[in-house]
Structure formats: structure tokens, C-alpha cells
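Just below is one structure, and these are the notes that go with it.
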Amino acid sequence: MTDYNELRRLAAAATRARTAGRTVQDMADAIRFQDVCITAIPELLDALEAARKDASELRQSFDVRWEADMRAIKRWHDAGGDELTWPDHVELQIWLLEQLDARDSIIADLRRQLAGLGIPTQGETK
């Protein structure tokens, strides 16, 4: 891996070699800078691409979570939650589980009623 502090030092020497003193050491450093850049630039481009990919995956994960939270909060508001507040995340999860349990009970009751009428149903509640 490239030592970026050394790369900065060599870049400064290359600048001096182009603009002012042009000492033998500055010229040698300028040549070394070019050599290091040949190695460093592909490494930097690879690191940039990896960082972009990681950022994209993080953004996708965040967006999925955000959208799910917004749907849950909308349901909570629609069910009578205070429109000016958002519920605590844990409280929201508990509320959602309670809603799911209530729906499962309704589904089970309806299936029993249908079965009592001789009407078959398909699927499971969980």
C-alpha cells in the first residue's frame, strides 16, 4: 500500500523541481513521485470504487429501513397515534406485533367460522 505522507512529500518536491530550485534531490524526488503515482493512482481508484460500492449498499440498506419505518409510523398515526410525534422504535415494534397478533386471531376466527359452514380455506396465518 502506498504511504500517502511520502506521496505528499514527493509531490511538494516535484512542485519545487518544476518551479524553483531544481536541485538534484528535487529532480530525483520528482522522478520518484512519478513512479509512486503509477502505483498509487490504481490503488486510489480501486479504493474509491470500493468506497462508492459500500456507500451504495449502505444507502440501499438505509432506504429500505427508512421506507419500512415510514410505513409503520403511518399505520400507527392512522390507528390514532399523535400525528405530531413519532413513536419510540421499540414501542412501535411492540405495537406492530400486537397488531399482527390481533390480525392472526381474526384470521383464525374467520377460518373457524368458514370451516363450520363447510367452506375450506387455504394458507396459514403464520
key: Options VAL36, VAL64: the member that is out of contact with any Pro (no Cβ under 6 Å at 6 or more places or on another chain) and surrounded by fewer than 11 Cβ atoms within 10 Å (Cβ to Cβ)   = VAL64
message = If a residue must be farther than 21 Å from ILE73 by Cα and of a type in the set (S, T, N, Q), how many such residues does segment 83-116 contain?
response = 2
In segment 111-126, the residues that are outside any loop (DSSP other than H, G, I, E, B) and either surrounded by fewer than 12 Cβ atoms within 10 Å (Cβ to Cβ) or of a type in the set (D, E, K, R) (or both) = ARG111, ARG112, GLN113, ALA115, GLY116
task = Answer yes or no as to whether ILE106 is among the β-branched types (Val, Ile, Thr), in a helix (DSSP H, G or I) and closer than 23 Å to ARG65 by Cβ.
result = no
key: Residue identified as of a type in the set (Lys, Arg), assigned to a helix (DSSP H, G or I) and more than 21 Å from the chain's Cα centre (by Cα) among ARG52, ARG65, ARG32, ARG71   = ARG32
task = Name the one entry in LEU110, LEU58 that is over 30 Å from ASP3 (Cβ atoms) and at pLDDT 90 or above.
result = LEU110
task = Search segment 33-51 for residues that are closer than 14 Å to GLU6 by Cβ and pair each with any residue that is among the acidic types (Asp, Glu) and surrounded by 12 or more Cβ atoms within 10 Å (Cβ to Cβ) when their beta-carbon atoms are under 6 Å apart and the residues are at least 6 apart or on different chains.
result = none
request  = Run down GLU83, GLU91 and say which single residue is under 25 Å from the mean Cα position of the chain (by Cα) and more than 22 Å from ASN5 (Cβ to Cβ).
outcome  = GLU91
ask   = When you look at TRP86, is it surrounded by 10 or more Cβ atoms within 10 Å (Cβ to Cβ) and outside any helix (DSSP H, G or I), yes or no?
value = yes
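The values are calculated or read from the model by the stated rules, or taken from the named source; none is laboratory data. The structure presented is a predicted model; accordingly, all values stated were derived computationally and were not measured. Every residue, glycine as well, gets a Cβ built from its backbone with ideal geometry; the counts of neighbours run over all protein chains shown.
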